[in-house]
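A short write-up of the structure that comes next.
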Amino acid sequence: MIDQPTIDRILDAAQIVDVVSEFVTLKKRGVNYVGLCPFHDDKTPSFYVSPAKGLCKCFACGKGGNAVHFIMEHEQMNYPEALRWLAKKYHIEIKERELTNEEKEAQSVRESLFVVNEYARDYFQNVLHNHIDGKSIGLTYFRQRGIRDDIVKKFQLGYSTSAKDGLAKEALRKGYKKEFLVKTGLCYEIEDGSIRDRFWGRVIFPWFNISGKILGFGGRVLDNRTKGVSQKYINSPESEIFSKRRELYGIYQAKSAIVKADCVYMVEGYTDVIAMHQCGLENVVANSGTALSEEQIRLLHRFTSNITLLYDGDEAGIKASIRGIDMLLAEGMNIKVLLLPDGDDPDSFARKHNATEFKQYIQDHEENFIRFKTNLLLKDTQNDPIKRAGLIADMARSIGLIPNEIIRYACLKECATLLNVDEQIILNEIKKIVQQRKDEYIEKRKKEQEEAEKAKVLQSSSPIQENIPDDETIPPPPFPPEEPNFPPSDNYLPQTGWDKLPFYTKEKQLIKVLIRFGERIVCYMEGENGEEIPITVTEYIQADLEQDSIQFQDPTHRKLLNEALLHLHDTNFCAERYFLTHPEPAISRLAADMLSERYRLSKSNEQAIVKDEERLHELVPHLLIDFKLSILEEDMKQTIQQLNLPEVAKDPQRAMEVMKHYKKLTETLKEMAKRAGDRVILKA
């Protein structure tokens, strides 16, 4: 875990214009910079960067934030990874908590494996471009496949000579340890204790993780006459840093294009990915011949929910498509399938067409999974009623895996139409499958709870545990509780969809003021001895909401208010700074969004900002009244709707409770109006 002082140093050093300029061409416009948004197909510059506040924002798609958020979005990294990326750029040493000896050893081993892989990558590239065999064999192969030199460099392709210990000898001579050469799988040990290269006589395809580290390698043999070669392709074996079923070839080079297109093409092999990149389609990855795994699907789901499976038009390609569909459905992916013409794979097809032609072919021929799978299986059923019944059950099982009910129903209707059967027949099958999955989940949770209870009993009976004082058995929570200190309001507001209601806009306005001015003094109140006690914006908002037992509806807003109250009196506390650098990305991104709204700048905007700061004693009470009135109006509307429900009308006791609630709302409304008229601010 990176400590807060280190995070502060990173954020202080990170210049937003400097960071964004690595990926976007910026032009100065007034006090700001503007460029084409990297997160969507931007035709006219809509991406603004404010060096004064260290924020960026696209006013078309809405994405942006501070330097950390930009790197998170652009490079698809998590919060710690983005901080490390910036720390490396600005040469800042990362200080983290003290690791245990075991953790230090494990971390040291992992880092050593990455270092060895980086050396091997450089070695293979050097051989390809500078060794006589690399140029005459390796580069010749790539050029014969139509792969340009710039694409060779983009994917950092390489070559290993036919010498069976070329890499091993050179690495040992450079001081790299035999232990790590073997652990990475670059080499293997033979009976006499010496080591041999795994990839000798092959062209090399490095595997990268999403942050660009070298995980392992794939190698393709070029000369079938080479002794000892039995496989066309081999890959690095499983190691502490590489698991083929968890990774996707090309994800590092494709991640930005996937996010921008909100779609990914899935192919089978290395050269399929490379050829499609070369023809202009960069949002493509490969599972490299392995069965698609849940880990790979979840990795893709970080970037997009839309996937098109591109496979060869042969029987193997068709079976590969079928295998992956159900797993993708269960993870909530939207799937389309494209089988290329017989005799073509994505590699050969991409070499015959440019990006526009390839995209057009995909649009014209891709099918959603329902139509693809139904048409495919119908060919086998013909007029056999038993096989047809099996097809219905098979399709119902696939549709039942879809987590979203609306999408599931739409697929059900299309499937019924294609099979020409009653929807209810398929629906009954789906209900059985959904119920079966629920039962399995409940049973799994039940077993987990039973095991947890057993562990708790064993722990409580442990003689070591009995000697630990009560206050040490449960560590304090890392953050304050999410719920406010005051009781939640008793209302009939909807549990979902409230962010579309009018009061939510008022709530966001209050949160914006809290982030911008939370520590500022809004007014003074008179103490018991006649002294003036300063009241901050945060304290004023909390006290005013508490007075009417009203709270923010958004859980993130509630947490934000709670944390502001908790840290308000910390030395040099600044709400804007605190929330912009918050370790939870949801909160820091919210703060950045709130602050960036006022930086699509004009002089009139700047004047308005200054004016807001000067009139907090008027602005905060006004926003609170607006918010609470909006809440009450919505609550009263929802309460009346409750009274009109048949089940409430038939239940006298329930109806009486609803009417009492409505009466309470009316009284609160009157009291609020009176307080608003009587409000006196002693000193601003």
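The values are calculated or read from the model by the stated rules, or taken from the named source; none is laboratory data. If you're wondering where the values come from, they're calculated on a predicted model, not measured in any experiment. All Cβ positions, glycine included, derive from the backbone under ideal geometry; neighbour counts span all protein chains shown. Remember, those area values only see protein heavy atoms, side chains included, never the ligands or the DNA or RNA. Shrake-Rupley method; radii C 1.70, N 1.55, O 1.52, S 1.80 Å.
Among the residues of the range 499-533, just one is part of a loop (DSSP other than H, G, I, E, B), touching a residue at least 60 places away in the same chain (Cβ under 8 Å) and open to solvent by 50 Å² or more (accessible area, probe 1.4 Å), namely Arg520. Here Phe114 fulfils each of the conditions (1) aromatic (Phe, Trp, Tyr); (2) at pLDDT 85 or above; (3) in contact with a helix residue (DSSP H, G or I) (Cβ under 9 Å, 6 or more places away or on another chain) apart from (3).
Condition check ((1) outside any helix (DSSP H, G or I); (2) open to solvent by less than 60 Å² (accessible area, probe 1.4 Å); (3) more than 19 Å from Ile322 (Cα to Cα); (4) modelled with pLDDT of 80 or more) across all residues:
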site: Gln360; (1), (2), (3), (4): no, no, yes, yes
site: Gln363; (1), (2), (3), (4): no, no, yes, yes
site: Lys379; (1), (2), (3), (4): no, no, no, no
site: Asn383; (1), (2), (3), (4): yes, no, yes, no
site: Cys411; (1), (2), (3), (4): no, yes, no, yes
site: Glu414; (1), (2), (3), (4): no, yes, no, yes
site: Ile426; (1), (2), (3), (4): no, yes, yes, yes
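Say whether the condition of being surrounded by 15 or more Cβ atoms within 10 Å (Cβ to Cβ), modelled with pLDDT of 85 or more and acidic (Asp, Glu) is met by at least one residue in the range 586-597. No, the range 586-597 contains no residue that is surrounded by 15 or more Cβ atoms within 10 Å (Cβ to Cβ), modelled with pLDDT of 85 or more and acidic (Asp, Glu). When every residue of the range 299-311 is checked against the conditions, at least one turns out to be open to solvent by 20 Å² or more (accessible area, probe 1.4 Å) and closer than 16 Å to Phe372 by Cβ.
Hey, among the residues in the range 18-30 that are within 24 Å of the chain's Cα centre (by Cα) and open to solvent by less than 50 Å² (accessible area, probe 1.4 Å), which one's farthest from Pro80 (Cα to Cα)?
Per the criteria, the residue is Val24.
Checked against (1) open to solvent by less than 50 Å² (accessible area, probe 1.4 Å); (2) at pLDDT below 80; (3) of a type in the set (S, T, N, Q), Thr536 meets all criteria but (2).
Scanning the range 153-164 for residues that are open to solvent by 60 Å² or more (accessible area, probe 1.4 Å) and not in a helix (DSSP H, G or I) turns up Ser162, Lys164. Across the range 233-260, the number of residues qualifying as modelled with pLDDT of 85 or more, more than 20 Å from Ile214 (Cα to Cα) and open to solvent by 10 Å² or more (accessible area, probe 1.4 Å) comes to 1.
Looking only at the range 82-95, filter to residues that are modelled with pLDDT under 85 and either touching a strand residue (DSSP E or B) at 6+ places or on another chain (Cβ under 8 Å) or closer than 19 Å to Thr304 by Cβ (or both); which one of those is surrounded by the fewest Cβ atoms within 10 Å (Cβ to Cβ)? So the residue we want is Lys95. Taking the conditions (1) touching a helix residue (DSSP H, G or I) at 6+ places or on another chain (Cβ under 7 Å); (2) at pLDDT below 75; (3) in a helix (DSSP H, G or I) in turn, Glu483 satisfies each one other than (3).
The criterion of being over 20 Å from the mean Cα position of the chain (by Cα), at pLDDT 85 or above and of a type outside the set (Asp, Glu) does not hold for Leu222.
Return yes or no: is Thr271 buried (at least 22 other Cβ atoms within 10 Å of the Cβ) and modelled with pLDDT of 85 or more? Judged against the criteria, Thr271 is a match. Of the numbered criteria (1) modelled with pLDDT of 80 or more; (2) over 20 Å from Leu328 (Cβ atoms); (3) more than 31 Å from the chain's Cα centre (by Cα), the one Glu453 fails is (1). The residues on offer are Asp122, Asp133, and the sole one that is assigned to a helix (DSSP H, G or I), open to solvent by less than 70 Å² (accessible area, probe 1.4 Å) and free of Cβ contacts under 8 Å to residues at least 60 places away in the same chain is Asp133.
Residues checked against (1) modelled with pLDDT of 95 or more; (2) in contact with a Lys or Arg (Cβ under 8 Å, 6 or more places away or on another chain):
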residue: Tyr123; (1), (2): yes, no
residue: Asp133; (1), (2): no, no
residue: Ser136; (1), (2): no, no
residue: Thr140; (1), (2): no, no
residue: Arg143; (1), (2): no, no
residue: Arg148; (1), (2): no, no
residue: Gly158; (1), (2): yes, yes
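For the range 3-17, filtered to residues that are open to solvent by 20 Å² or more (accessible area, probe 1.4 Å) and of a type in the set (A, V, I, L, M), the residue that is farthest from Val259 (Cα to Cα) is Ala13. Per the listing Gly317, Gly313, Gly390, Gly324, the residue uniquely at pLDDT below 85 and not in a helix (DSSP H, G or I) is Gly313. Within the range 138-151, one or more residues are part of a helix (DSSP H, G or I), among the hydrophobic types (A, V, I, L, M, F, W, C) and either under 36 Å from the mean Cα position of the chain (by Cα) or within 29 Å of Lys88 (Cα to Cα) (or both). Restricting the first member to the range 152-164 and to residues that are of a type outside the set (Ser, Thr, Tyr), and the second to residues that are assigned to a helix (DSSP H, G or I) and surrounded by fewer than 19 Cβ atoms within 10 Å (Cβ to Cβ), the beta-carbon pairs closer than 7 Å and six or more apart or on different chains are Gln156/Arg121; Gly158/Arg121. Checking each residue in the range 165-204 for being assigned to a helix (DSSP H, G or I), touching a residue at least 40 places away in the same chain (Cβ under 8 Å) and of a type outside the set (Phe, Trp, Tyr) picks out Leu167, Glu170, Ala171, Leu181, Lys183. On the given criteria, is Leu565 surrounded by fewer than 19 Cβ atoms within 10 Å (Cβ to Cβ), modelled with pLDDT of 85 or more, out of contact with any strand residue (DSSP E or B) (no Cβ under 7 Å at 6 or more places or on another chain) and on the phi < 0 side of the Ramachandran plot? So Leu565 fits the description; yes. Scanning the range 330-348 for residues that are over 18 Å from Ser288 (Cα atoms), in a helix (DSSP H, G or I) and modelled with pLDDT of 85 or more yields a total of 0.
Residues that are touching a Gly at 6+ places or on another chain (Cβ under 9 Å) and farther than 17 Å from Asn209 by Cα were ranked within the range 277-291; the one that is surrounded by the most Cβ atoms within 10 Å (Cβ to Cβ) is His277. Of all residues in the range 31-59, exactly one satisfies the criterion of being among the aliphatic types (A, V, I, L, M), open to solvent by 60 Å² or more (accessible area, probe 1.4 Å) and farther than 24 Å from Thr581 by Cβ, namely Leu36. Based on what the data block shows, is Arg351 touching a residue at least 40 places away in the same chain (Cβ under 8 Å), open to solvent by 50 Å² or more (accessible area, probe 1.4 Å) and more than 27 Å from Glu414 (Cβ to Cβ)? The answer is yes for Arg351.
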